[in-house]
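I have placed the structure first, in the form of structure tokens, so that the comments after it can refer back to it.
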Amino acid sequence: MERLYPLIAKLVRAHRPRRTSEQDLIQTVYMKIFSRLDQYSGLVPIEHWVSRIAINTCLNQLDSERIRPEWRWSDFSEEEQHALECAAAVEERDIDGSMAAEVVDRLLEMLQPADRLVIQLLHLEEKSINEIARITGWSVAMVKVRAFRARKKLKKHLRDLEPAMKFAA
């Protein structure tokens with residue numbers, strides 16, 4: 001442990017996700033090393049084998065944080081913080097659900113029929129990408145691309161709608 005610690009610490013520092021504790025990752029690497037000692041063949045130096053485990057552990061941690069990111073208040077700009085505060089204030093006031101549904105309907109009307117279909121199936125009916133591909137006859141890649149582009153258009157339309165909604169309120 002003492003001989004390998006400097007190597008593991010150096011690798012963890014170089015590849016560690018920003019929100020993960022260095023010591024936690026080092027302990028995880030040691031746990032993986034000890035649990036997999038039977039897999040070490042002895043054909044390569046132990047440092048090579050340990051470095052592979054350390055790097056893979058860090059990369060796996062990066063992947064898991066990318067999939068489920070954790071956001072902290074300081075990660076947002078002042079504008080984003082203000083927008084989040086406004087959204088939280090709206091939720092606290094318990095706005096009428098029908099008003100929110102009207103806004104969603106209005107936004108969906110602005111989309112082309114194929115884009116509207118993808119958004120409705122994916123987000124409102126919560127169907128999987130594969131189910132949508134089967135229903136529409138499109139490829140999985142096309143469904144993903146169309147959904148991405150449709151969401152982008154919705155965001156643009158929402159930004160365009162926001163000033164009008166402020167004046168109406």
field: Matching residues in segment 26-42 - criterion: being among the hydrophobic types (A, V, I, L, M, F, W, C) and touching a helix residue (DSSP H, G or I) at 6+ places or on another chain (Cβ under 9 Å)
entry: I26, V29, I33
task: Report, by residue number, each residue of segment 107-128 that is surrounded by fewer than 17 Cβ atoms within 10 Å (Cβ to Cβ) and aliphatic (A, V, I, L, M).
output: M110, A114, L124
field: Search result, residues across segment 125-169 that are in a helix (DSSP H, G or I) and modelled with pLDDT under 85
entry: H157, L158, R159, D160, L161, E162, P163, A164, M165, K166, F167, A168
query: Restricting the search to segment 1-25, which residues are over 25 Å from the mean Cα position of the chain (by Cα) and among the β-branched types (V, I, T)?
result: I8
- prompt: Can you pull out the residues in segment 1-27 that are in a loop (DSSP other than H, G, I, E, B) and hydroxyl-bearing (S, T, Y)?
  reply: T20, S21
Number of positions in segment 33-51 that are surrounded by 11 or more Cβ atoms within 10 Å (Cβ to Cβ) and over 17 Å from R3 (Cβ atoms): 1
- request: Could you tell me whether segment 83-99 includes any residue that is at pLDDT 85 or above and not in a helix (DSSP H, G or I)?
  value: no
task: Return the pairs, sorted by first residue and then second, in which the second residue is in a helix (DSSP H, G or I) and among the polar types (S, T, N, Q), the first residue lies in segment 103-128 and is within 19 Å of V145 (Cβ to Cβ) and outside the structural domain of R149 (by TED's automatic domain parsing), the beta carbons are less than 6 Å apart, and the residues are 6+ apart or on different chains.
output: none
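The values are calculated or read from the model by the stated rules, or taken from the named source; none is laboratory data. It should be emphasised that the depicted structure is a prediction, and the values quoted were computed from it without experimental measurement. Cβ sites come from the backbone with ideal geometry, for glycine too, and all protein chains shown count toward neighbours.
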